[in-house]
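Here, each number is a calculation from the coordinates, and none is a lab measurement. Everything numeric in this text was worked out from a predicted model, so none of it was measured. All Cβ positions, even for glycine, are placed from backbone atoms using ideal geometry, and neighbour counts span all protein chains on display.
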Amino acid sequence: MTEQELANVIWDIKEIIRNLYDDAEVEDVILPFTLLRRLDCVLDLHRASIMQELEPMRDKPETMRRMKLRSLM
């Protein structure tokens, strides 16, 4: 997907949600979701290795899992 195609998709989404949000609020919704999607795409290449590292931590306390996840980033 080219940058222009991505921009068109984002603007199309803006048109869909226009009735749900005021024009001023639309940018507050689009930007965070665009950033989240970008992070998802970047991290997707590493998803398998991250999940493999976290698997032994499944039964550990949440704090330990978070510390392990931070060490992988």
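Inside region 1-55, can you point out the residues that are of a type in the set (S, T, N, Q), exposed (fewer than 11 other Cβ atoms within 10 Å of the Cβ) and closer than 30 Å to SER71 by Cβ? Give the steps one after another, and end with the answer.
Within region 1-55, the first condition is being of a type in the set (S, T, N, Q), and the residues that meet it are 2, 4, 8, 19, 34, 49, 52.
Subsequent filtering for residues that are exposed (fewer than 11 other Cβ atoms within 10 Å of the Cβ) retains 2, 4, 19, 49, 52.
Matches in region 1-55: SER49, GLN52.
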* Structure fact -> Here the qualifying pairs (Cβ atoms under 9 Å; residues six or more apart or on different chains; first in region 1-22 and free of Cβ contacts under 8 Å to residues at least 12 places away in the same chain; second surrounded by 10 or more Cβ atoms within 10 Å (Cβ to Cβ) and of a type outside the set (Phe, Trp, Tyr)) come out as MET1/VAL9; LEU6/THR34; TRP11/ILE30; ARG18/VAL26; LEU20/VAL26; LEU20/VAL29; TYR21/ASP28; TYR21/VAL29
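Listed residues ARG58, ARG66, ARG70; which is basic (Lys, Arg), surrounded by 10 or more Cβ atoms within 10 Å (Cβ to Cβ), out of contact with any Asp or Glu (no Cβ under 9 Å at 6 or more places or on another chain) and without any contact (Cβ under 8 Å) to a residue 60 or more places away in the chain?
Working: ARG58 fails: surrounded by 10 or more Cβ atoms within 10 Å (Cβ to Cβ); ARG70 fails: surrounded by 10 or more Cβ atoms within 10 Å (Cβ to Cβ).
Going through ARG58, ARG66, ARG70 in turn, just one is basic (Lys, Arg), surrounded by 10 or more Cβ atoms within 10 Å (Cβ to Cβ), out of contact with any Asp or Glu (no Cβ under 9 Å at 6 or more places or on another chain) and without any contact (Cβ under 8 Å) to a residue 60 or more places away in the chain: ARG66.
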